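Chemist: My questions will all concern the structure given below.
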Amino acid sequence: LDIPRLNNSASSQVTYGFSRKTTLTTNFSYGLLHAFDDADFLNNKQWSTGAGVDHRFGRDTLGVNYMFTRFSYDTVNQSFDSHAFQVIIVTY
């Protein structure tokens with residue numbers, strides 16, 4: 001089955017250093033999938049955004065991160081959201 005389709009995505013990330021030990025990182029991404037036919041394929045879009053903070057304690061690092069993602073479909077009035085929260089500990 002060979003269906004012409006468009007698949008595209010874009011993303012960005014910005015990191016700001018408050019000091020040599022503390023950084024803030026934010027990110028955003030967007031993607032879509034679109035089929036060029038009448039076969040009722042589920043064209044969809046997805047976007048995500050998130051932010052995290054890292055702090056270094058001597059040689060160890062503690063970080064927290066939050067991510068939100070939304071998936072939506074063009075042909076049906078349906079979407080769903082995903083939330084993720086992470087705690088990261090790096091020790092040496």
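The values are calculated or read from the model by the stated rules, or taken from the named source; none is laboratory data. The shown structure was predicted, so the numbers you read here are calculated from the model rather than taken from an experiment. As a convention, Cβ positions derive from the backbone with ideal geometry for all residues, glycine included, and neighbour counts pool all protein chains shown. The accessibility values were calculated without ligands, DNA or RNA, using every heavy atom of the protein model including side chains. Shrake-Rupley method; radii C 1.70, N 1.55, O 1.52, S 1.80 Å.
Chemist: So with the 1.4 Å probe, I'd like the accessible area per residue for the range 12-92, rounded to whole Å².
Modeler: 73 Å²
Chemist: What is the calculated FRET efficiency for residue 47 to residue 88, with r their C-beta to C-beta distance and R₀ = 25 Å, to the nearest 0.05?
Modeler: Computed FRET efficiency for residue 47 and residue 88: 0.60.
Chemist: Find the relative contact order for the range 4-58 and round it to a whole percent, using C-alpha pairs within less than 8 Å whose residues are 6+ positions apart.
Modeler: 37 percent
Chemist: Take the Cα radius of gyration of the chain and divide it by 2.2 N^0.38 Å, with N its residue count; two decimals is plenty.
Modeler: After normalising by residue count via 2.2 N^0.38 Å, the value is 1.52.
Chemist: Sticking with this one: Taking the Cα-to-Cβ direction at residue 16 and at residue 68 and moving 7 Å from each Cα, how far apart do the two end points lie in nm?
Modeler: Simple spin-label model gives 1.8 nm for this pair.
Chemist: Arrange the peptides 55-66, 2-13 so that the one whose residues have, on average, the most other Cβ atoms within 10 Å appears first.
Modeler: 55-66, 2-13
Chemist: Would you mind calculating the relative contact order of the chain from Cα pairs under 8 angstrom and at least 6 residues apart, reporting the percent as a whole number?
Modeler: 22 percent
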